[in-house]
Structure formats: structure tokens, C-alpha cells
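Before any comments, here is the structure.
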Amino acid sequence: MSDGTEQEKPASGRKPLTLTRTTSGGTVQQSFSHGRRKSVTVEVKEKRAINRPGQGGAAPAPGPGLPPASPRPSGGRAAPGATAKPAPAKAAPTSPAAPASTFSDDEARRRQEAIRRAAEERDVREAKARKDEQQRRALEDAQRKKAEEEAAVEAERRRTHEDVDEPEAVAAAPQEAAEDAAPAPAAEAKSEPAKPAGPQLGEAVPFRARPQESAGGDNDILAELGGRLKSARKPTAPVPVKPAKKGEARRREGKLTLDMVERISEGDDERVRSLAAYRRAQQKERERRQQKSGGQERIVREVVIPEAITVQDLANRMAMRARDIIAFLMRQGQMAKLTDVLDADTAELVATEFGHSVKRVAESDVEEGLSGEPDAEETLLPRPPVVTIMGHVDHGKTSLLDSLRETDVASGEAGGITQHIGAYQVRLRDGQRITFLDTPGHAAFSSMRARGAQVTDIVILVVAADDGVMPQTVEAISHAREAKVPIIVAVNKIDKPDAKPERVLQELLQHEIVTEQFGGDVLHVTVSATKKIGLDKLTDTILLQSELLDLRANPDRDGEAVVVESKLDRGRGPVATVLMKRGTLKRGDIVVAGGQWGRVRALSNERGQLVEEAGPSEPVEIMGLEGVPEPGGVVQAVESENRAREIAEYRQRVRRERSVAGVGPKTSLEQMMARIKESVTQELPVLIKADVQGSAEAIAGALQKLGTEEVQARIVQANVGAINESDVQLAKSSGAPILGFNVRASKEARELAEREGVEIRYYAIIYDLIDDMRGVMSGLLAPINRETFLGNADVLEVFNISKVGKVAGCRVTEGVVRKGAKVRILRDNIVIQEMGVLQTLKRFKDEVNEVNAGQECGMSFGAFQDIKQGDVIECFNVEVVQRSL
């Protein structure tokens, strides 16, 4: 049998081998939204027919390639494409010549068992489908009843609040509302016929068996639910679904299935609802409910708002769309886009308007908790005192410290004066320690002295017995009073013949420094640094004062220190000299020093010895910072690199904004240009490179103090380190000389400076640099014109001479009148004309150079003809005098 046609059997009685079709195909039209259609090819795979043992052959199938259907009881559904035929009453006897069966008995038995199990599984699925159908119908009944009740309540309300003349309309309202809300399916009243337990041998098993009668009702319900119903393994409570509106096109989500193909082939050409369309419908429904309820369903959040925030960031923090925020701002009259920055007040207004709570924060909050909690009283332990030596220049401060340390630091200083602030720790014979800070005494290092006074516990005021109180001595007293630290007076150089310690103490009385000798509370000691006289008494006095102060600190916490000095070392990089205040700083700690941060790679004491940690009141040098920190900054240990980087970037940003904004009030561009035109100030641009940050700061401050209203120094840059090529390029672009203080230029920088014509000046002593710059700035001052009176002459007669004009006949009454000198004409002691230089001076008929008092002469003034008898001619010289600062 092939393609449904019979062929004659050969003489041998065997069937020929042929291929039969196992699939049947067709084409259906699938409809989509917006009138789109698509042709879909559908193929149905048939199942091979199985012959029972003992059967010679199977009856021919009515369709191509389809096995014949087994007889089913009435009410059953046949396989698609198969035509039911009555089975023969009795199987035909097998002839001896017939061929043997294709399958063995065991194989046929296994196949029948598989068919039976498939039938049982189908029955289970059908039972679940019927149970789901019953639940769905119960839900529809409940919804219909609820709709009827709501319609009745609505009709009652309308009848109460409105005068309804036609009571029939009110009575018909519940019925119409019930019909609109949930139409009853037509197939509800039909009863399902009984089905056999399973398919018989040779019957085609359908892909998905479902009751034919309830197909239309299931489609309606599934369309209202928005998709295909999937039965769960465990029974769950039905979810209420919004009933579809009357006349609304019903669509279905999901992929194409055989059930859909059957409906389409039957003429049910309805749109297939996609999953995206269903989600859009749900989103619209949620938005409609939110608008109806006035936004009450929004989740209230606590929105953290910094000082400035973009629209996109604000939308993310509020968990809402940015377009809603932009729309609100547009209603307020402000156009904005996603990247626009809003200030804190505007952002707070937006967040409050959408019902969120606001928490305002500032950028400076990154520094919160940096200092840690205050130390408890039981954790404080005694610490060494920090003593700052202050006084006038060349009064022996560094020599006194050398005597205490038994070293020779003063011999290494240029010019014998201290130009850096140094920190040292002296170990006494009894094991106690004292930390000393040596500050410069020159006037230019006022900021260094002030910095030393801020971090110290005791100030030693060194005064030379042969020199007395000097200006920097008075300044040191003011710094100590401002820092509110006790003072110990050390009268030095008492070994000199002209030393007068009593006179020094009396001079200090004028500045309210009353020593114990005169009934005050200020301790004083007479010492000699060179002869080492009175040093033990000085250390005892320091220890006594420290005991009275009760100096204590907590060593068991994160380290905190103060930057005393900083520099850029060629081999070690940025190096900072710090003085520990509290806690313990260890190697490997992550620290923040002002606007710089880094990991401590090495710690060394004042003797150059590497140490693993530093405790309170201990001076150390730290290496490993990213840059050179500013002196006076606080060094604090933090827990992570991210925190350190964040704090350092915030401080750098604040410093940069301050430098850009300036100190003065903001002005417009027109006002600035007008002020530049009116200003006659001359500027001297300079670029400063020093060995340490404190020296660069001191030089910049000293040059700025030299300035006046007419001339001032403009600091292009003040940095530490050797002079490099970038410094030369910057100096060339700004037209400034380079001032190197204790630094030198590299070979490449020197060659570039020679080619570009940039001047580099080297200095080792700060007052040499200041004197040199004072002379340069003095040259920028405008000179002074100084007048020198020569004499007066009275006009006796005015002669009118042709080709010459008026000539004045004069008599010199005072001084002398010289040719080439400047003259002016006075009438009634009022200057009426500045004549410039006297060109013509005659006595009788001869040209003369000068005429003395009591003699007569003639003068001609060129174009000026308004000369009259009785006028006074004043003769004078003008001298140009160069000014200086």
C-alpha cells in the first residue's frame, strides 16, 4: 500500500518495500496588530500503525499516509484526518503461505503497554483540565454576581441622588451591567460525553487532547486573562482578573500551538496578544490607578541630596523616571536636561513634591569622623613635652639646642642663621625625653614661628644678654601669647664681657613678661650655649613646667600628627617632618596630610635611623606621600585608600576653588577692565624654587610685604625641588626670573634657560634674596621730579619788536636767571603760564647764559605774547630723583 492506493501482490506473496508519508501539511494565515498578516506552514506528524500478531495486513487508510482509526464509543473524538470505519467481525484466517508478522509478541506487548500508559496520562491531563474549567466557571459566576451587586448599588445611588422619572431604567440597570460584566459562555449548559479509557491499537494519538465543546469558552476566558493558563502542580487560589470590556478585541500571548492552528482553520481569526502588549497594558493600568489615587501608591524614600546633583542622579535616588522630574521643572518655569546640575534647594523641592523625605548632606561630610572619638581619661598616659625655641636672629637659639643635643647643627646653616624649622628629641641622663622645635629668627620666617608656637607645649624665649630685646623677640612673645602657652626666658651669652642679664629682664617688663625675680610667674634661666653653662638648670625647669601642665596622650589609637616641614628629595621623593600629637603611627599606615595622601613607606627619626612606629610627642620623617604637603597641615591615619583619596581630592578641590574665586568681592568684566586702566601698579613676576616648603612660603610672604601701591611682586609659582625644564618654560611664558633658594637647575634646564633668555638667580641666605628683590622692585617705581628754585625777575617794560614779537625788559630781583632753565609767569602770585625752557636771554645786545640779582635783561618767550608790565618771571630747575622701597 502506497499513497492510499492498492497494488497487486506478487506471485511470491510478499509486499514490495515502499515509503509512506508520515506528515501532513497545510498553510494558515496568522493575524497581528495594525493589520499585519503572516502565512505559516503547519505540519502534523502522524504515528505509524501497528498490526497485531496474526493479522496479515491492515485496512487501507482513507487519507494519505495515515493509519486507520480504531472504533470508539459514541461521543468520542477521532484523530484529525482519519475516517472511522467499522472493524471486521472476525479476523481473517492466516494462510500457510502468508508472510510472518513484522513484530514479535514481546515487542507488540511492550508497544501496547506504552499506548496504555499514554492514555492514562492523557486522562489525567483531561481531568486536570476539567477541574480548571470548573474553577474558572466558579470564578466567572462570582464575578458576575459581584457585578450585579455593584450595578444594583450604583442604581440605588443614582435613584437616591437624582430624580429618575423612569423606574424601568433603574430596574434594568443590574441586568444590563451583569450582561456587560461577564457574559455566560454558550457551551456551559452542554454536558460532556463520556470518553474511553485510552486509545486502541492503531489509533492516532492527538498532540493535545482537550474537550471540543469547551474550546470556545476557554478561548474567551484565556483572552480575558491575557494568555495561556498553566496549571500548577499544587492547587492555588484563583487570582481575580479584570473583565474585558465589551467589544474589545481579544488577543493571546505566547507561541503558535496546534490549538491555535485548529481555531484559525475553523475560522476563528482573532489577533494573537503578545507578552509585551500584556505588560504594557499592566503598566498603563498601574499608572491609571496611581493617578486616580493621587500618587498614594508611591513608595516614600529618604533621598540623600548633596550640595549639587544632576537630574539623572536625582531620578535614580528617587527611583522614578527622569522625564517626570523634567516635566515638573518645566511646569515651574525651569528648562532642564538629564546632565544639568541642580542646587540643593531645587533638588529638595523636587523630592518633597513627589512625596519623599529629604536628607541634606555637604561635601565636607567626607571629613566627618576623621579625628575619631575623644580619648577616655583612663587611656591617657604621660608623654614628653614639646618645647619651641624662639627669639631674635643670631641670639644663639640653634647653638643652645646643639649644646643640649651635643651636636653641631649651626655650623651647617648658611650664614650661621637657621632658615628651616627643625624637630629634635633630646634624651636626658635619667631616661626622660624632651622634644625641641628650632624656629628661624629672621623676620621673613614669621609664619614658621607662628606654626611652631601652635604645636608646642612650652616656649623658650632666648634673649642675648649683650643685645637685649629685639623686634623678633617681641614677635615671638606675641606668638606665644596667641597660642596660650607658658614662656621660659633663657638669657644667653652671659659669658661675654658686655653681658647684662638684669637689663634684659627689665626690658621684658615693658612687654608684660614679669619673671620670678620681679614677683611674676615667668621662669627664667641664665645660660651660655658655647660654654655650656646652666644647661642642667634649663632642662630641670622644662621638666618642672611640664609636670605642672600634666601632659598626657593616648598611644593606643590611630596616629595623628602635625606637618612641621616638608620638602621634595631627589632620591626619596616627598618627605614630611611631622610631630606626633596622639596615637601611634606605624609603617604601612594609610595617611592623609592636607591635600596629599599616601601609604607610609618608611619612618626615620632626627638621627636618620629607621623606626617601625612613632608615639606621641615624637618627631619623625615620613616617606610615601603622593605630593609635598603644606606645613601646618594635620596628618591623620585612615582605614582605606578610597577614603584617603576622597578626602585629599575634596581638599584640593576646595583649595582650587578658593584660588580661582579670589579673596575680593566678585566684579563684572567691565569693572575689572576699568580698574586695570585706572591702575598704575607695576608688577614683578617671580618664580620661586626652594629646598623646603617652609622656605618657599617665607620667601613668597617676604616679597609680598615689599609691595606698595605702585609696585608689587607677583608670585607665579612657589614650589620645592630642583629647577627643571617645565619651570623654565613657565618662567618664559610669564616673563619672570627664577629664584633658586638652596637648589640648583639641572643641565637640561640650564641649557634651555640660556636658549630662551630666562634668568636664574641662586641664593643661600634669605636676606640676600630679599635685598636683591628690593632693588629690582625699586627700579620699577616712577621717579620723583624735584624742583630747585633759581630766581625771580620783575617785568619793567614790554617792547614790541617786528619779526620777533614782544620782548620783556626785566630786572632780576632774587637769585639768578639762567638760560636753559625752566620758567613760569606769575601774575598777582598766580601762575598763568608754564613756559618750559628759557631760550632767549640778552643783556643789552649780547646773548648771556645767566643774569644775577640786581641786573637788567631782556627775555623773549616765543609764541606767548600775553606778557604785561608787573608780571613776575620765576626761574627754576627740575631734578629727577630715583625712588627706593
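Observations
- Extending 7 Å from the Cα toward the beta-carbon at both ASN719 and ARG643 defines two label points whose distance is 3.2 nm.
- Residues HIS479, HIS34 ordered from highest to lowest accessible area at a 1.4 Å probe: HIS34, HIS479.
- Among beta bridges identified by DSSP and lying wholly in the stretch 698-827, the antiparallel ones come to about 65 percent.
- For the stretch 504-544, the set of GluC sites (Glu not before Pro) satisfying both a DSSP loop assignment and a count of at most 16 other C-beta atoms within 10 Å is given as GLU512.
- Out-of-range pairs (alpha-carbon distance over 26 Å; input LYS397/LYS537; LYS500/LYS537; LYS484/LYS537; LYS484/LYS567; LYS38/LYS131): LYS484/LYS567; LYS38/LYS131
- Residue ranges 858-870, 757-769, 522-534 sort as 522-534, 757-769, 858-870 when ordered by packing (mean number of other C-beta atoms within 10 Å per residue, highest first).
- Dipole magnitude for the stretch 500-549: computed about the Cα centre from +1 point charges on Lys and Arg Cβ and -1 point charges on Asp and Glu Cβ, it is near 360 debye.
- Remark: spin-label model distance ARG36-ASP828 equals 10.7 nm, labels positioned 7 Å along the Cα→Cβ axis.
- Modelled spin-label separation between ARG744 and GLU502, with each label point placed 7 Å from Cα along the Cα-to-Cβ direction: 5.4 nm.
- Stretching the chain fully between LYS868 and ARG761 yields a gain of 32.3 nm (0.36 nm per residue, less the alpha carbon separation).
- Relative contact order for the stretch 740-885, counting Cα pairs under 8 Å that sit 6 or more residues apart, in percent: 30 percent
- Karplus-derived 3J(HN,Hα) values for the stretch 368-385, using 6.51 cos²θ - 1.76 cosθ + 1.60 with θ = phi - 60°, are 5, x, 6, 7, x, 7, x, 6, 6, 5, 6, 8, 7, 10, x, 10, x, x Hz; glycine and proline are entered as x.
The values are calculated or read from the model by the stated rules, or taken from the named source; none is laboratory data. Since we're looking at a predicted model, the values are computed, not measured. A quick note on method: Cβ atoms are made from the backbone with ideal geometry, for glycine too, and the neighbour counts reach across all protein chains shown. Note: accessible area is taken over every heavy atom of the protein model, side chains too, but ligands, DNA and RNA are not part of it. Shrake-Rupley method; radii C 1.70, N 1.55, O 1.52, S 1.80 Å.
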